[in-house]
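Encoded as structure tokens, the structure appears first; notes follow it.
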Amino acid sequence: MRFGCCPGLASFVPPTLDGEEDSMSVAHAKQCERIPPILELLAEAGFDYVEFGVGTTAPEQPEADFRRFLDAIEGSPLKAEVFSSFIPPWIRVVGPEADWARIDAYLTVAVERVARAGGDRIIFGSGGARTCPEGFPLDAARDQLLRFLNLAGDHCERHGIVLCIEPLNASETNMINKVAEATAWAREISRPCVQVLADCFHMGMENESYESIVEAGALLKHAHVADQGRRYPADFGYDIDGFFGALKQAGYDGRVSIEANFADLPTEAPAGLERIKRAAG
């Protein structure tokens, strides 16, 4: 297995300074300033790659903003191999506000920029974008989500990227909450460019058995790990060893990213990496 870290950048929420919200471009510049020292820290800790948010590629911003991100990662031994937080919450892919022209335009830029940055995995969590609004027919929402996954799959396939469906716990979305559900969707879509992710944190929140990982088998193309409370992997309550045991039983030997809410990245990221390496054997 290879181990990466999500440093928590580009969640599509511009930071504020003195109570005033920055423009997207200014917020992006501040994020990019943080990237080189974070990459240096993670490389020294022994990680194999980094997982950024798609927002770091500035999909709705000028090419110059994207170039700023490329400059920030240039020269690092850690490559940006995986990108998560695919769709911002203001671009709805489910419900009456779904605008397919805007969705397609966003996908055209976002997927192409991820590929140019070196990514070959995009993670589709994006709970805000895919939540079925109250009162909206669930069957219609399902059809929309299926349409989105195929459309996004078209863009990903064009660039040699695999789109991984990320099950999110019910507090974040009301569509696709379990690995077993994501597996069923991937099987229905039946395209190599649309596969499955397993996340230890969301599985714990949903009380889902790790047997679902084993049943996903070859459809599993990425994994996230965090401990209870979305803390870094340690021994805070979730069965980290059992999670990795299920990954191995499924025949999975790919990338695993720590996706946690770090209180202190310099100490917690190395500790989390040591813990998951021990669990992976």
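The values are calculated or read from the model by the stated rules, or taken from the named source; none is laboratory data. Computed from a predicted structure; not experimentally measured. Methodologically, a virtual Cβ is constructed for each residue, glycine included, from the backbone with ideal geometry; neighbour enumeration extends over all protein chains shown.
Data table
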{"read-out": "Residue, farthest from Arg92 (Cα to Cα), within region 102-138, restricted to residues that are of a type in the set (Asp, Glu) and within 18 Å of the chain's Cα centre (by Cα)", "value": "Asp120"}
{"read-out": "Of the criteria (1) under 27 Å from Ala101 (Cβ atoms); (2) buried (at least 22 other Cβ atoms within 10 Å of the Cβ); (3) aliphatic (A, V, I, L, M); (4) in contact (Cβ under 8 Å) with a residue 60 or more places away in the chain, which one Met175 fails", "value": "(2)"}
{"read-out": "Residue in region 196-209 that is surrounded by 20 or more Cβ atoms within 10 Å (Cβ to Cβ), of a type in the set (A, V, I, L, M, F, W, C) and within 25 Å of Ala140 (Cβ to Cβ) present", "value": "yes"}
{"read-out": "Every pair of residues 6+ apart whose Cβ atoms lie under 6 Å, when the first sits in region 181-193 and is within 24 Å of Asn207 (Cβ to Cβ) while the second is polar (S, T, N, Q) and outside any helix (DSSP H, G or I)", "value": "Ala186/Gln195"}
{"read-out": "Single residue of region 161-181 satisfying the filter (assigned to a helix (DSSP H, G or I) and not small (Gly, Ala, Ser)) that is nearest to Glu81 (Cα to Cα)", "value": "Val179"}
{"read-out": "Counted residues, region 143-164 - those being under 12 Å from Val93 (Cβ atoms) and either in contact (Cβ under 8 Å) with a residue 60 or more places away in the chain or under 21 Å from the mean Cα position of the chain (by Cα) (or both)", "value": "9"}
{"read-out": "Tabulated pairs, region 23-52, first free of Cβ contacts under 8 Å to residues at least 24 places away in the same chain, second loosely packed, with under 15 Cβ neighbours inside 10 Å, C-beta under 6 angstrom, 6+ apart or interchain", "value": "Ala27/Pro15"}
{"read-out": "Answer from Gly237, Gly251 - the residue that is in contact with a strand residue (DSSP E or B) (Cβ under 8 Å, 6 or more places away or on another chain) and not β-branched (Val, Ile, Thr)", "value": "Gly237"}
{"read-out": "Check on Val50, β-branched (Val, Ile, Thr), within 18 Å of the chain's Cα centre (by Cα) and part of a strand (DSSP E or B)", "value": "yes"}
{"read-out": "Any hit, region 185-193, residues being among the β-branched types (Val, Ile, Thr) and crowded, with 19+ Cβ neighbours inside 10 Å", "value": "no"}
{"read-out": "Yes/no for Ile87 being surrounded by fewer than 22 Cβ atoms within 10 Å (Cβ to Cβ), within 21 Å of the chain's Cα centre (by Cα) and closer than 27 Å to Val256 by Cα", "value": "no"}
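Quick grid of which residues meet (1) modelled with pLDDT under 95; (2) more than 21 Å from the chain's Cα centre (by Cα); (3) in a loop (DSSP other than H, G, I, E, B):
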{"position": "Asp235", "(1), (2), (3)": "yes, yes, yes"}
{"position": "Tyr238", "(1), (2), (3)": "no, no, yes"}
{"position": "Phe243", "(1), (2), (3)": "no, no, no"}
{"position": "Ala246", "(1), (2), (3)": "no, no, no"}
{"position": "Val256", "(1), (2), (3)": "no, no, no"}
{"position": "Glu268", "(1), (2), (3)": "no, no, no"}
{"position": "Ala271", "(1), (2), (3)": "no, yes, no"}
{"position": "Glu274", "(1), (2), (3)": "no, yes, no"}
{"position": "Arg278", "(1), (2), (3)": "no, yes, no"}
